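Structure first, commentary second.
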Amino acid sequence: MPNKRGAVSAWLLASLLILFTILTVGAFFVLKWRPDVASEHGKGVDKMILYIIFAAGFIFVVGHLVLSAFLVKFGGKNGATYKPMTHRAEMLFTIGPVVFMVAVSELGVLAIGGPVWNQVYTHQSGDLVVEITAKQYEWISRYPGKDGKFGRKRPDLFDDQENPLGLDPKDPDAKDDIVIRGAVYLPVGKGAWFNIQSWDVLHSFNVPVLRSKQDAVPGLTTHTRILPTVIGRYEISCAEICGPGHYKMRGFVNVKSEADFYKWLKSQVGWFE
Amino acid sequence: MAIAQAARPGTHESHVHDGGHSIGFVRKYIFSTDHKVIAVQYILMAMLMSVVGLGLSLLFRIQLAWPGKAGMTPEQYVSYVTMHGTIMIFFVVSLALSSGLGNFSIPLQVGARDMAYPLLNMLSFWVIVPAAAIMILSFFVEGGAAAGGWTAYPPLSALSGFGKVPRGSPGSGMGQTLWLLAMALFIVSFTMGGLNYVATILNLRARGMSLMRMPLTVWTWFIAALLGLLSFPALTAAAIMLLLDRHLGTSFFLPSGLVVSGQQAVNAGGTPLLFQHLFWFLGHPEVYVLVLPAIGIAFDVLAAFSRRPPHGYKYSVGALLIIAFLGMIVWGHHMFTSGMNPFLGKYFSISTLLITAPFAILGVNLLASLWRARIRFTTAMLFALGLISAVGTGGIGGLFLATATADLHFHDTYFVVGHFHLMIGVVTMTGTFAGIYYWFPKMFGRYMNETLGKLHFWGTFIGAFAVFVIQHFQGFGGMTRRYFEYSADYVKPAVALNPAVTVFAFLAIAAQLPFFFNFFWSMFKGKKAEANPWEATTLEWTTATPVPHGNWDRLPVVSGDPYGYAAGPDGNAHRMQNAEG
Amino acid sequence: MNPTAVTGHEAASEESEPGFYGTSWQKLMMWWFIIGDAILFGSFLAAYGFARISAGSWPDRTQMFSMNFITVMTFTLITSSATMATAVAASRRGDRKAAFNFTMATAIGGIAFLGMQAYEWYHLIHNGARMGTNPWGAPAFGAYFFTITGFHGSHVASGVLILLITAWNAKRGKSGPEGVELTGLYWHFVDLVWVFVFGCFYLI
Ligand code: HEA
Ligand code: HEA
Ligand code: CUA
Ligand SMILES: [Cu+2]
């Protein structure tokens, strides 16, 4: 009885699903779907993402093809031809997906993702150490100066204009610390190890072009490592809600050639100098 | 006999001597203990709250597509997003799907006269009412509604401005307190509901209804209830601690050395990450609490409209149990970039990816349930079919996010937003709609209009899919979430897609109008339905329509599998679950 | 086919499947409530452990508490578990009077415990402990101590209330053995939680 219309519905839904699959896959070719990448581990992150795109894309495409095919084949048919499956077949239909899914996902993360993850969280000797301090709604970076030591931060000395890091003028380590508001400077081709802190609430140090994202947590120092590979000026956009000004909490990472970077560093004077 | 039955729950004499005496309107429709009435109350409540939730999404979608056109401030933007998320998850999907449809079909599908403890059932609904009222009222207090995200991460959410605690943002004031109170009431209600579900399913099944003869829907509600009971206490603890931090000067989540807008806080010794652990210990199981019943409904609806049993019943049940178990030990995948030990990050990545395996079983079983079927494209069936596609698509997003290395790029971008809307928005809502179209004839004795239903389906499906798939691409582009406005250069290509997203969101939201109209119109004017309009085989279809008080004159005795659909040239052969022989 | 067709056995009082391993639904609900509540306490205690480990040093317990006093407190509560068990046994036997007496004794034990806890709180507050600060070290101590013992205390208080109602009902014969047993389950749970609280705050 409902067959003509059933067949129409089947074709309609099936073509919609196919169209939707084609559009989704096609979008990868048409859109600029990812920002440029300018860091060493960033390439690894992209490789990881690409791997999942293929693995997941396979499931996505096959799943929708099967679904559409079933709709067309069994929609609007008169008689059902259902026969119970044998236990063996049923079991295979269960073990198959499990093995496939576990193999595809776990192998990907272990073989490609793991090493990149380690890269991001391992402090290597010779890394430039940079401290990032977040506060509503600003990024402040600090370099240890000539002595290579960061002075202590004291909440009681905090002053938004005069002393945004609460440095102690009497602390010899703090004297030559270089404090930059709203920007970070890095030499290209050299690893930088970040100590990330926050004065008030959670923030996230997020530099999409460097594929870097690390929360700033008050009361805790978090870390991440970046090795920039391309000279340029990259935007930081805070990636953890921190209040109504969250959207405007921005800053820049300036990646310079090594020579330029050290020239810049020399030209800077300490906060209390 | 009456005495013997009176000792059993839900079998008061009034059930037996059906219609012997009349009860007043208030007892019958307002303070009712009848699970069928409570179910409808929940669904109506969810529909009411969904107007608020959808309205908020409409407003902030306008702001995103055409900045400034919605006339809102950044403060309002974040609080609208927060309240949209909270209301949708806890007051729309939970109420309509878990509480509403669950209440309606659990007793009917297991063959019980009512919930184990009808009074508690009524109470749990009447606790939700003030919870919803408080949630809505919080828009009107000083500082506006909560604005710390639905995750309410401290310190932002703890910095209340009360006593010596500095103020973190306008929405962290009274609005956040009311948010917490409403959530506490929600938890109380949901716990009472969950206890009732578990007790009913374990103890009130009709004779012959062994566990492995329960419809898959009942299995999913059962597992969801257990999962909820095991995970909500962690949120309760976190909420209590957060309230104390906000009002009584404790420092559970507030560390030493805080300086908030120039003001130094006196707090000392707290750890903000602790909240995240407690929150996600609930939060992750909670998403399965919501999604599993939707998948269960899809199995039932698929079976009824493709005239064959769902594929691999046993394996589906096993997969559900494994999902529930794994769901409790993977919460850290929301915290890859939080500053948690990177070693833990690896562990959570690996364990989370394991969950894709049982999910793949469910996905394959859903697909295979169409093999050699005879599909009837009713509205309910269309929604169930849409659900298959949504589970697959949303789950694939989970694959990206669960890989910690890739999550470095995706965390807190619209990729996450797209992923979870497909799951928690589209899968759960398509499941709910499938359930509503499917059970409506049993609820109200009338069919819903199919033409309006199809309009509803196509609009919702096309609109919602477009919105949330495009959001994945915006996430690839690094577009951060909870942003009032975008100005960075790298994100320009992604932001350019925003107007399109908003237009599709209009479509999806507009498609709800025929549904709302259809629902109320069909209640009174729809085509009259017989007792078993879909020729389905589970127990709810064995009783008369409208369902009598007490559900059955005589409780059914189960004699077979829930899905007695059989082959045959006419394709109609089916065997009720209580059929003899 | 007649949709309401039912196969025989109508007269049987057993309409449903036997409950979960023969437990009544009331008991089942209580068990699940207890499991949930245990996870709630577990979350609190896990948070306490998390905070204590990340704080590094923790106030010295011998300085803050009088161990003898705490021992008496604990002993009182444990004893009340014993009287509760006796009450349950009595009501199973159908001995309403004994059930009433022992339930009342349990309630009195609970009240005594609450009194001692109030004294202990008073003592600590008097010595300068607050939710946010304390004179002995890590400031988080006060918050965890008062919250967790307070939360446990509120369970004891509601337990006492339930005990009094149960005792009253048992006396009038309105509450059968099942009612007393359910109350007993809850009471034993509250006592058990105390053992953990005791261990976490006073022993380590
Ligand atoms: C119902 C809700 C739901 C469901 C079911 C899921 C399912 C999954 N989720 Fe999702 N998730 C959320 C709701 C949900 N999630 C929410 C709300 C958030 C964000 C919270 C916030 O921050 O605000 C989130 C965030 C989130 C994150 C954190 C992202 C971040 O903040 O950085 C991660 C990371 O691992 C993740 C992973 C997963 C995984 C691996 C699954 C897996 O369970 C998925 C497994 C499924 C499959 C693998 C599909 C298999 C199907 C087939 C094989 C059939 C194929 C058929 C066709 C294609 C037709 N989710
Ligand atoms: C169930 C959950 C749910 C649902 C249904 C929706 C529905 C929608 N959501 Fe929402 N959303 C969340 C949960 C949900 N959302 C959460 C948790 C957040 C995160 C909050 C945070 O960051 O803190 C969020 C955030 C969020 C954002 C991110 C904002 C930001 O980060 O800045 C956006 C942006 O576009 C968005 C858009 C939409 C749109 C356009 C819709 C819809 O309009 C989509 C189209 C409509 C449907 C799919 C139909 C739904 C139908 C009903 C609701 C009818 C109800 C009927 C009955 C009860 C019978 N949502
Ligand atoms: Cu800082 Cu968001
Ligand atoms: Cu999760």
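The values are calculated or read from the model by the stated rules, or taken from the named source; none is laboratory data. Source: prediction; values computed, not measured. Glycine also receives a Cβ, built like all others from the backbone with ideal geometry; neighbour counts cover every protein chain displayed. Areas reflect the complete protein model, heavy atoms only, side chains present, ligands, DNA and RNA absent. Shrake-Rupley method; radii C 1.70, N 1.55, O 1.52, S 1.80 Å.
Structure above, values below:
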quantity: Filtered residues of the stretch B:266-280 (kept if open to solvent by less than 30 Å² (accessible area, probe 1.4 Å), more than 8 Å from chain A (Cβ to nearest Cβ) and either in contact with a Lys or Arg (Cβ under 9 Å, 6 or more places away or on another chain) or at pLDDT 85 or above (or both)); calculated: B:267, B:274, B:275, B:276, B:278, B:279, B:280
quantity: Unmet requirement for residue B:133, which otherwise passes all of (1) open to solvent by 30 Å² or more (accessible area, probe 1.4 Å); (2) within 22 Å of the chain's Cα centre (by Cα); (3) touching a residue at least 40 places away in the same chain (Cβ under 8 Å); calculated: (3)
quantity: Flag for residue A:251 being open to solvent by less than 10 Å² (accessible area, probe 1.4 Å), more than 16 Å from ligand 4 (Cβ to nearest atom), modelled with pLDDT under 95 and under 19 Å from residue A:129 (Cα atoms); calculated: yes
quantity: Residue list for the stretch C:145-163, filter: polar (S, T, N, Q) and touching a residue at least 60 places away in the same chain (Cβ under 8 Å); calculated: C:147
quantity: Unique residue being free of Cβ contacts under 8 Å to residues at least 40 places away in the same chain, away from ligand 1 (no atom under 16 Å from the Cβ) and open to solvent by 10 Å² or more (accessible area, probe 1.4 Å) when the list is A:263, A:256; calculated: A:263
quantity: Of residues in the stretch B:484-496 being without any contact (Cβ under 8 Å) to a residue 24 or more places away in the chain and either surrounded by 23 or more Cβ atoms within 10 Å (Cβ to Cβ) or within 7 Å of chain A (Cβ to nearest Cβ) (or both), the one nearest to ligand 3 (Cβ to nearest atom); calculated: B:488
quantity: Qualifying residue in the stretch B:501-510 (condition: within 9 Å of another protein chain (Cβ to nearest Cβ) and within 13 Å of ligand 2 (Cβ to nearest atom)); calculated: no
quantity: The one condition in (1) more than 14 Å from chain A (Cβ to nearest Cβ); (2) surrounded by fewer than 24 Cβ atoms within 10 Å (Cβ to Cβ); (3) of a type in the set (Gly, Ala, Ser); (4) under 28 Å from residue B:77 (Cβ atoms) that residue B:182 fails to fulfil; calculated: (2)
quantity: Filter result (at the interface with chain A (Cβ under 7 Å from one of its Cβ atoms) and β-branched (Val, Ile, Thr)) within the stretch B:354-385; calculated: B:356, B:361, B:364, B:375
quantity: Any pair with Cβ under 7 angstrom, 6 or more apart, that starts in the stretch B:73-99 at a residue that is more than 15 Å from ligand 1 (Cβ to nearest atom) and ends at one that is of a type in the set (Val, Ile, Thr); calculated: B:95/B:128
quantity: Conditions (1) open to solvent by 70 Å² or more (accessible area, probe 1.4 Å); (2) within 30 Å of residue A:148 (Cα to Cα); (3) among the charged types (D, E, K, R); number of the one not met by residue A:127; calculated: (1)
quantity: Pairs with Cβ under 6 Å, 6+ apart, first in the stretch C:120-144 and in a helix (DSSP H, G or I), second of a type outside the set (A, V, I, L, M, F, W, C); calculated: C:140/B:269; C:141/C:59; C:141/C:134; C:142/C:130; C:142/C:134; C:143/B:250; C:144/C:48
quantity: Odd one out for residue B:439 among (1) over 29 Å from residue B:341 (Cβ atoms); (2) within 14 Å of another protein chain (Cβ to nearest Cβ); calculated: (2)
quantity: Residue match in the stretch A:26-47 (condition: closer than 30 Å to residue A:191 by Cβ, more than 9 Å from chain B (Cβ to nearest Cβ), of a type in the set (A, V, I, L, M, F, W, C) and open to solvent by less than 30 Å² (accessible area, probe 1.4 Å)); calculated: yes
quantity: Selection count where residues are in contact with a strand residue (DSSP E or B) (Cβ under 8 Å, 6 or more places away or on another chain) and part of a helix (DSSP H, G or I), scope the stretch B:352-387; calculated: 1
quantity: Leading residue by the ranking (farthest from the other protein chains (Cβ to nearest Cβ)) among those in the stretch B:195-212 that are open to solvent by 10 Å² or more (accessible area, probe 1.4 Å) and within 18 Å of residue B:292 (Cα to Cα); calculated: B:212
quantity: Where a residue in the stretch B:304-331 is more than 13 Å from chain A (Cβ to nearest Cβ) and open to solvent by 10 Å² or more (accessible area, probe 1.4 Å) and its partner, wherever it lies, is of a type in the set (S, T, N, Q) and away from ligand 1 (no atom under 13 Å from the Cβ), with Cβ under 8 Å and at least six apart; calculated: B:328/B:231
quantity: Test: residue in the stretch B:284-294 that is more than 16 Å from ligand 4 (Cβ to nearest atom) and crowded, with 24+ Cβ neighbours inside 10 Å; calculated: yes
quantity: Residue match in the stretch B:335-346 (condition: more than 16 Å from ligand 4 (Cβ to nearest atom), touching a residue at least 12 places away in the same chain (Cβ under 8 Å) and within 11 Å of another protein chain (Cβ to nearest Cβ)); calculated: yes
quantity: From the options A:225, A:233, residue that is farther than 26 Å from residue B:168 by Cα, within 14 Å of chain B (Cβ to nearest Cβ), in a strand (DSSP E or B) and touching a Gly at 6+ places or on another chain (Cβ under 8 Å); calculated: A:225
quantity: Residue list for the stretch B:76-92, restricted to those being β-branched (Val, Ile, Thr) and away from ligand 4 (no atom under 16 Å from the Cβ); calculated: B:78, B:81, B:82, B:86, B:87, B:92
quantity: Single residue of C:103, C:71 found to be open to solvent by less than 30 Å² (accessible area, probe 1.4 Å) and either at pLDDT 85 or above or assigned to a helix (DSSP H, G or I) (or both); calculated: C:103
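Conditions tested, residue by residue: (1) more than 29 Å from residue A:206 (Cα to Cα); (2) out of contact with any Gly (no Cβ under 7 Å at 6 or more places or on another chain); (3) more than 13 Å from chain A (Cβ to nearest Cβ); (4) open to solvent by less than 10 Å² (accessible area, probe 1.4 Å).
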site	(1), (2), (3), (4)
B:387	yes, no, no, yes
B:396	no, yes, no, no
B:404	no, no, no, yes
B:410	no, no, no, yes
B:451	yes, yes, no, no
B:458	yes, yes, no, no
B:463	yes, yes, no, yes
B:473	no, yes, no, no
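Here is a yes/no grid of residues against (1) closer than 26 Å to residue B:170 by Cβ; (2) touching a Leu at 6+ places or on another chain (Cβ under 6 Å); (3) away from ligand 3 (no atom under 16 Å from the Cβ):
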{"position": "B:223", "(1), (2), (3)": "no, yes, yes"}
{"position": "B:229", "(1), (2), (3)": "no, no, yes"}
{"position": "B:235", "(1), (2), (3)": "yes, yes, yes"}
{"position": "B:249", "(1), (2), (3)": "yes, no, yes"}
{"position": "B:265", "(1), (2), (3)": "yes, yes, yes"}
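Residues are listed down the side, and each one gets a yes or a no for (1) more than 28 Å from residue A:263 (Cα to Cα); (2) within 14 Å of chain B (Cβ to nearest Cβ):
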residue: A:105; (1), (2): yes, yes
residue: A:112; (1), (2): yes, yes
residue: A:126; (1), (2): no, no
residue: A:139; (1), (2): no, yes
residue: A:162; (1), (2): no, yes
residue: A:172; (1), (2): no, no
residue: A:180; (1), (2): no, no
